[in-house]
Amino acid sequence: MSNARVWRALLGVEHAVIERVEIDDDGDDPVVVVHVRPGRRQRGRCGVCGRRCKGYDQGDGRRRWRHLDAGVLPVYLEGDAPRVACPEHGPTVAAVPWARHKAGHTRAFDDTVAWLAVVTAKTTLCALLRIAWRTVGSIVARVAADAVAVRDPLAGLRRIGIDEISYKRGHRYLTVVVDHDTKRLVWAAPGRDRTTLRRFFDALGPDRAAQVTHGTADGADWIGDVIGERCPGAVLCADPYHLVSWITDALDEVRRGVWNDARRTGDKQTARNLKGARYALWKNPQDLTDRQQVKLAWIAAAHKPLHRAWELKEAFRKVIAVKGAHAGHLLDDWLAWASRSKLKPFIEVARKLRRHRQAIENMLEHDLSNALIESTNTKLRLLMRMAFGFRDTDALIGLAMLALGGYRPDLPGRAS
């Protein structure tokens, strides 16, 4: 086997001709420089669309691309970077088979960085590959964009979940869309308003939007309005977790009102006991400790309105646990009870639930919730801590698509 074939197999460089290999020790540390040129069939192609084009000029001359290390020495591929005259994109740097367009690293290096960014710590990655964390962000965004261009994540969407998540101080949010069937993240963009969500449906297109059958959301009007506007045939389902949180907030508002009344009347002991009763009221009955059960019994005997609020909370939990037509009748009974409970927070939450009545009934009938997207948001928060230091949101979204969208590349030379 010739030296060129050995080096081509060692470096994993396909469709390229290796001219020579040398050690460059002019700098502080020696590096391996591999002089390459594209194979005959890969020459003279546009770097953007890959179309074969006429030559334009020699560009900026020879350039280098960072490759994976060979042993203890960094490796660079060096070759000409001429420009071609593309009818669509104009004068463009010619494509090379070993690197993506406008990249300073080889495909193998990019894919290795993207794989490691998902599975390991950033300090380990940066030390192992001798690069800065911001460089990792640029590579992640590039690899994710390349993968999405090859396999459209919006293809075949039928049941979607939509939510927003904060990614930075100052009310900076991402709108996130997941596929309930594949359980993968399919789209994310900065912002949390109607304009942002319409960008998703613009990318989806009217034909594919018409094929969406179900949507889940947390009750935000801007999500429901846009789904109704772009997917009129889709069934919008409320999220039971957020519904219960509305009820729990109403319960806590009643507790605070009773607590404030005790403070105003100078009953310090009652105020102290009510302040410590928060978790006894919040937790599910089967999870209460002996001390919390005693606290709940004291509330039932001494504070009837607060205990009535707790009974409303527990009754609502049972309503959403029942599916089918019977759940609708139970919901009617609960709304009537809350409306005549003489508890202002529950009267208001009953009005709010009536505004979302159709979405609640859809949730009860189709047994579809936002649990998947809440799980996705939990994983996104971990990725956000990892992505601290990235220059822009493209890198964060790229990392999310690699980790949660199923676009993580294989390690060079290995297939999953």
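The values are calculated or read from the model by the stated rules, or taken from the named source; none is laboratory data. As the structure is a prediction and not an experimental result, all values here were calculated from the model. Counting neighbours? That spans all protein chains shown, and the Cβs are built from the backbone with ideal geometry, glycine included. We work out accessible area using only protein heavy atoms, side chains counted, and drop any ligands, DNA or RNA first. Shrake-Rupley method; radii C 1.70, N 1.55, O 1.52, S 1.80 Å.
Each row is one residue, and each column tells you yes or no for (1) within 28 Å of ALA141 (Cα to Cα); (2) open to solvent by less than 20 Å² (accessible area, probe 1.4 Å).
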{"residue": "VAL322", "(1), (2)": "no, no"}
{"residue": "ILE373", "(1), (2)": "yes, yes"}
{"residue": "PHE390", "(1), (2)": "yes, no"}
{"residue": "GLY413", "(1), (2)": "yes, no"}
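Taking the criterion of being in a strand (DSSP E or B) and either surrounded by 20 or more Cβ atoms within 10 Å (Cβ to Cβ) or within 34 Å of the chain's Cα centre (by Cα) (or both), the residues of region 81-103 that qualify are VAL84, CYS86, THR92, VAL93, ALA94, VAL96, ALA99.
What about ASP163, is it out of contact with any helix residue (DSSP H, G or I) (no Cβ under 7 Å at 6 or more places or on another chain) and within 17 Å of CYS231 (Cα to Cα)? So ASP163 fails the test. Across region 364-411, the number of residues qualifying as over 17 Å from GLU164 (Cβ atoms), among the small types (Gly, Ala, Ser) and not in a loop (DSSP other than H, G, I, E, B) comes to 3.
Within region 342-359, the residues that satisfy the criterion of being more than 20 Å from ALA321 (Cα to Cα) and either open to solvent by 70 Å² or more (accessible area, probe 1.4 Å) or in contact (Cβ under 8 Å) with a residue 12 or more places away in the chain (or both) are LYS342, LEU343, LYS344, PRO345, GLU348, ARG351, ARG355. You will find that of ASP202, ASP146, the residue that is open to solvent by 10 Å² or more (accessible area, probe 1.4 Å) and in contact with a Lys or Arg (Cβ under 8 Å, 6 or more places away or on another chain) is ASP146 and no other. Of all residues assigned to region 371-387, at least one qualifies as being charged (D, E, K, R), at negative phi, without any contact (Cβ under 8 Å) to a residue 60 or more places away in the chain and in contact with a helix residue (DSSP H, G or I) (Cβ under 8 Å, 6 or more places away or on another chain). The set of residues in region 272-300 that are under 25 Å from TYR241 (Cα atoms) and either open to solvent by less than 70 Å² (accessible area, probe 1.4 Å) or of a type in the set (Asp, Glu) (or both) comprises GLY276, ALA277, ALA280, LEU281, LYS283, ASN284, PRO285, ASP287, LEU288, THR289, GLN292, LEU296.
One residue stands out in region 360-370 among those that are under 9 Å from THR216 (Cβ atoms) and among the aliphatic types (A, V, I, L, M): the one that is surrounded by the fewest Cβ atoms within 10 Å (Cβ to Cβ), namely LEU368. Among the strands (runs of 3 or more DSSP E) confined to region 149-261, there are none with at least 1 residues that are closer than 30 Å to GLY389 by Cβ and more than 20 Å from the chain's Cα centre (by Cα).
The condition of being more than 16 Å from ARG20 (Cβ to Cβ) and in contact with a His (Cβ under 6 Å, 6 or more places away or on another chain) holds for only one of GLY59, GLY47, GLY90, GLY71, that being GLY47. Contact map, region 238-261: residues that are closer than 30 Å to ASN362 by Cα and open to solvent by 50 Å² or more (accessible area, probe 1.4 Å) paired with residues that are of a type in the set (D, E, K, R) and not in a helix (DSSP H, G or I), Cβ distance under 9 Å, separation 6+ or inter-chain. Pairs shown: TYR241/ASP218.
The strands (runs of 3 or more DSSP E) found entirely in region 1-68 that carry 3 or more residues being open to solvent by 30 Å² or more (accessible area, probe 1.4 Å) and either at pLDDT 85 or above or β-branched (Val, Ile, Thr) (or both) are 16-24, 54-57. ALA277 falls short on exactly one of the conditions (1) out of contact with any Gly (no Cβ under 9 Å at 6 or more places or on another chain); (2) within 30 Å of HIS329 (Cβ to Cβ), and that condition is (2). Evaluate region 125-137: report whether one residue or more is open to solvent by less than 50 Å² (accessible area, probe 1.4 Å), modelled with pLDDT under 95, of a type outside the set (A, V, I, L, M) and assigned to a strand (DSSP E or B). No.
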